[in-house]
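Have a look at the structure below, then the notes.
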Amino acid sequence: MTQAELQLISLLLQEHFGEIVSRVGTFLIHTGCQPLRVIAKDTDTPLDQVKKALCVLIQHNLVTYQMHKRGFVEYAAQCESCLRMLRSPRYIYTAKTLYGDTGELIVEELLLNGKMTLTAVVKKVADRLTETMEGKDKNDGKSMEYSDVSTTFTQLADTHFVQRCPVVEEKEGTEGRRPPIPSLVMNEKEMFCVPRVVLVGRGKRRRSSDEDEGASQSKRPKKEPDTSQDDGIYWQINTERFHQHFRDQAIISAVSNKMDQTSSEIVRTMLRMSEVTTSSNAAHTQPLSSNEIFRSFPQGYNISKQVLDQYLTLLADDPLEFVGRSGDSGGGMFLINLHKAVATLATANLESIVQERFGSRCARIFRLLLRKRHLEQKQVEDFAMIPAKEAKDMLYKMLSVNLISLQTVANLIERRQSETKENKRLLEKSQRIEAIIASMQATGAEEAQLQEIEEMITAPERQQLESLKRNVNKLDASEIQVDDTIFILESYINSTKARP
């Protein structure tokens, strides 16, 4: 792990789980596998707090455990999983884009809790959606059906965005005693199978104390889902599937920018047809016939089979080589060259970074080196048509600077934390006032009363809050943008490693 990665993980653990969990997780990242008592001693943390911190980290797949040959349990941090916390907003937004508010909240709950049963997710999401439904009257009868949430959950499982967690293998230790650590196993065939459970009922709102006192005793409580139906079957998000979706969207966008919307829709259709059958590290998708693609094309596009074939031919002949041929049966067989597409995207990102940081002449040298692989300095001068002194300076700059670094993301997080800390008192005041207003609205307060409460924040304070909000939004957007670049480059590296 580089120092930048260690710093970033420490910041992410702090933001998501607080000081104690961050202290334990950071210690394991720095030191490797360690037993419980060593963690407590070296971090100067009480044993019971270390146990709770490890439970949280294990629950979120950020720490694993194993039995040491000397007979004690040791714990190890999963650095890659820790870094993936940076992508949590993208996972949630993707679920919202594909499956609406219900999908968004399902993924958000799984991320917040690490692992959950289907019935627990359904109840929590149905309650949250019911709380936000239109209508200020709490007794207007509007609520979210458990069955609707369950249907969306099944769709996420069918497309592999959520998956089952490994289950504890039932086996006894020596002399009939329980083994020191549980052994987890995963049935690959059931990884995406949703258990058949009966979920009848609706989400409910939290009642205020006044409502609780005035509630009629004759009213029957809304039916709760039977949580024993799927007891022991836990679910988590499948980050690899989300990453596959990110990659596919980048490919679709590149085709749209290079050609047109119809071409990108053809590529989108091919990727969608192969999304579950193609592994995340495959070099290309499964071959698809022209007839299959035509039958799966969105109905909204009024395109004939002949025009589709012409587009497929253009895509296959394009220098990008995102689409390739693999045969002539079924009107022609076509596939998406995933490795080639990711390599092209990675190259474009690097060229953009070099041009932004060092200018167009450095970008010309960089493109030349990418194409020729190895060149001496004199050859760089000749091929790039740049004077010797300038070429030498530019090569030195690119050699001495680390072009892509996670340090950038860590700096952004620290800047955001600093901005928030400096305005802590004002933020707390704003939150208190918002809570008071929300409470008064729920009890039917008049507009004049609400206006009076809102005026507790002065005009300069409101201006300061707006400025803080703009700055934090910019920093959040920058984090996502940097992570998007890192994702493309990581995808290329992983794709290269996976090639035979």
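Scanning the stretch 185-205 for residues that are in a loop (DSSP other than H, G, I, E, B) and either within 26 Å of Lys142 (Cα to Cα) or among the acidic types (Asp, Glu) (or both) yields a count of 8. So is Glu15 assigned to a helix (DSSP H, G or I), within 24 Å of Arg247 (Cα to Cα) and acidic (Asp, Glu) or not? Here the answer is no, as Glu15 does not meet what is asked.
Here is the figure for the stretch 221-242: residues that are in contact with a Lys or Arg (Cβ under 8 Å, 6 or more places away or on another chain), more than 19 Å from Thr154 (Cβ to Cβ) and either modelled with pLDDT of 85 or more or open to solvent by less than 60 Å² (accessible area, probe 1.4 Å) (or both) total 1.
Tally up the residues in the stretch 286-304 that are over 33 Å from the mean Cα position of the chain (by Cα) and open to solvent by 50 Å² or more (accessible area, probe 1.4 Å), please. Summing the residues that are over 33 Å from the mean Cα position of the chain (by Cα) and open to solvent by 50 Å² or more (accessible area, probe 1.4 Å) in the stretch 286-304 gives 3. Residues considered: Leu47, Leu8, Leu62. Of these, the only one that is touching a Cys at 6+ places or on another chain (Cβ under 8 Å) and either under 22 Å from Leu111 (Cα atoms) or open to solvent by 40 Å² or more (accessible area, probe 1.4 Å) (or both) is Leu62. Considering only residues in the stretch 235-293 that are assigned to a helix (DSSP H, G or I) and small (Gly, Ala, Ser), the one that is farthest from Phe161 (Cα to Cα) turns out to be Ser290.
Just to be sure before I move on: is Val255 in contact with a strand residue (DSSP E or B) (Cβ under 8 Å, 6 or more places away or on another chain) and crowded, with 19+ Cβ neighbours inside 10 Å in the structure I sent?
The answer is no for Val255.
Among the residues making up the stretch 434-471, those that are loosely packed, with under 12 Cβ neighbours inside 10 Å and among the β-branched types (Val, Ile, Thr) are Thr443, Thr458.
Scanning the stretch 307-353 for residues that are outside any helix (DSSP H, G or I), free of Cβ contacts under 8 Å to residues at least 60 places away in the same chain, more than 20 Å from Gln261 (Cβ to Cβ) and open to solvent by less than 50 Å² (accessible area, probe 1.4 Å) turns up Gly324, Gly327, Gly332, Met333, Asn337.
For Thr26, the conditions (1) in contact (Cβ under 8 Å) with a residue 24 or more places away in the chain; (2) crowded, with 18+ Cβ neighbours inside 10 Å all hold with the exception of (1). Would it be correct to say that Ser280 is touching a helix residue (DSSP H, G or I) at 6+ places or on another chain (Cβ under 9 Å) and either farther than 30 Å from Phe487 by Cα or touching a residue at least 40 places away in the same chain (Cβ under 8 Å) (or both)? Here the answer is yes, as Ser280 does meet what is asked. Looking only at the stretch 65-93, count how many residues are within 30 Å of Arg247 (Cβ to Cβ), open to solvent by less than 40 Å² (accessible area, probe 1.4 Å) and not basic (Lys, Arg). Matching residues across the stretch 65-93 total 10. In the stretch 60-71, the residues that are in contact (Cβ under 8 Å) with a residue 40 or more places away in the chain and more than 19 Å from Trp235 (Cβ to Cβ) reach residues that are part of a loop (DSSP other than H, G, I, E, B) and not aliphatic (A, V, I, L, M) with C-beta atoms within less than 7 angstrom, at least six apart or across chains, in these pairs: Met67/Pro180. Taken over the stretch 248-271, the criterion of being modelled with pLDDT under 90 and among the charged types (D, E, K, R) is satisfied by Lys258, Asp260. State yes or no: is Asp210 surrounded by 10 or more Cβ atoms within 10 Å (Cβ to Cβ), at pLDDT 75 or above and more than 19 Å from Thr154 (Cβ to Cβ)? No, not satisfied. So for the stretch 411-420 (the condition being touching an Asp or Glu at 6+ places or on another chain (Cβ under 6 Å), assigned to a helix (DSSP H, G or I), modelled with pLDDT under 80 and open to solvent by less than 40 Å² (accessible area, probe 1.4 Å)), does at least one residue qualify? The answer is yes, given that some residue of the stretch 411-420 is touching an Asp or Glu at 6+ places or on another chain (Cβ under 6 Å), assigned to a helix (DSSP H, G or I), modelled with pLDDT under 80 and open to solvent by less than 40 Å² (accessible area, probe 1.4 Å). Among the residues of the stretch 77-118, the ones that are touching a strand residue (DSSP E or B) at 6+ places or on another chain (Cβ under 8 Å) and hydroxyl-bearing (Ser, Thr, Tyr) come to 2 in all. Considered as a group, the residues in the stretch 1-23 that are among the small types (Gly, Ala, Ser) and touching a helix residue (DSSP H, G or I) at 6+ places or on another chain (Cβ under 7 Å) include one that is nearest to Val50 (Cα to Cα), and that residue is Ser22. So in the stretch 30-44, with the set limited to residues that are open to solvent by 40 Å² or more (accessible area, probe 1.4 Å) and not charged (D, E, K, R), which one is nearest to Phe487 (Cα to Cα)? Taking the candidates together, the pick is His30.
The values are calculated or read from the model by the stated rules, or taken from the named source; none is laboratory data. Computed from a prediction, not measured in an experiment: that's the story for all the values here. Ideal geometry is used to build each Cβ from the backbone, glycine not excepted, and the neighbour counts take in all protein chains shown. Accessible surface is based on the protein model in full, side chains and every heavy atom, while ligands, DNA and RNA are left aside. Shrake-Rupley method; radii C 1.70, N 1.55, O 1.52, S 1.80 Å.
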